[in-house]
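Working notes for the structure below.
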Amino acid sequence: MSELVGLPERIGRYEVLGLLGRGGMGRVVRGHDPTLHRDVALKLVEPSAVPPDALAEMRFLFHREARATAQLRHPGIIEIYDYSGPDADLMFIACELVEGPTLRDVLEQRGALAPALAAAVAFELAQALAHAHAHGIVHRDVKPENVFWLPSGRIVLSDFGIAKSLDGKRLGG
């Protein structure tokens, strides 16, 4: 698979199965956890893709995202299973594999949502955000690309990469 060029067959204990998406600093791949017999999403940051003067900050942000999101247990927030640690050569967060389009994909395909449906989506997002706020975490990057719409109708918020605590202090490290 050309999409997996440069990636090992395994990352940590996870078997690499295929590409799910790309970002500015890395890729998201489908992985398999042979210990727990489940597929996961592996969010990767490849240090070679990060300018050397920004690498320490990127490691900190990635560490913060893993720790902040791992504190949250809510059906509307993606669940974190594992994390490589900030000093790994290939940093990863292993998380719940949510299979469904993003809200951005849905809006591009359907156009504007009917008011009742838009209200239902907003209500589910508000519940997820209220849970994060109750744990002292502000997401700070709610946008359609970070919201998944599962076939079951469940709405899931992802990407806590720039989250902060409610008191404005940095999370993690």
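Of note:
- In the range 134-144, residue surrounded by the most Cβ atoms within 10 Å (Cβ to Cβ) [restricted to those that are modelled with pLDDT under 95 and in contact with a strand residue (DSSP E or B) (Cβ under 8 Å, 6 or more places away or on another chain)]: H139
- Subset tally (residues that are in a loop (DSSP other than H, G, I, E, B), at pLDDT 90 or above and closer than 20 Å to V16 by Cα) for the range 89-101: 4
- For the range 35-79, a residue qualifies if it is more than 17 Å from L90 (Cβ to Cβ), among the aliphatic types (A, V, I, L, M), surrounded by 15 or more Cβ atoms within 10 Å (Cβ to Cβ) and at pLDDT 90 or above, and the qualifying residues are A70, L72, I77, I78.
- Restricting the range 37-54 to residues that are of a type in the set (A, V, I, L, M, F, W, C) and more than 18 Å from the chain's Cα centre (by Cα), the residue that is nearest to I11 (Cα to Cα): A49
- All of D82, D89 fail the test of being farther than 16 Å from D159 by Cβ, of a type in the set (D, E) and over 18 Å from the mean Cα position of the chain (by Cα), apart from D89.
- Test: residue in the range 46-69 that is in contact (Cβ under 8 Å) with a residue 60 or more places away in the chain and either assigned to a loop (DSSP other than H, G, I, E, B) or in the same structural domain as S158 (by TED's automatic domain parsing) (or both): no
- Matching option when the condition is under 25 Å from S165 (Cα atoms), part of a loop (DSSP other than H, G, I, E, B) and touching a helix residue (DSSP H, G or I) at 6+ places or on another chain (Cβ under 6 Å), among P75, P86: P86
The values are calculated or read from the model by the stated rules, or taken from the named source; none is laboratory data. Values in this document were obtained by computation on a predicted structure and should not be read as measured data. Because the Cβ atoms are built from the backbone with ideal geometry, glycine has one as well, and the counts that use them run over all protein chains shown.
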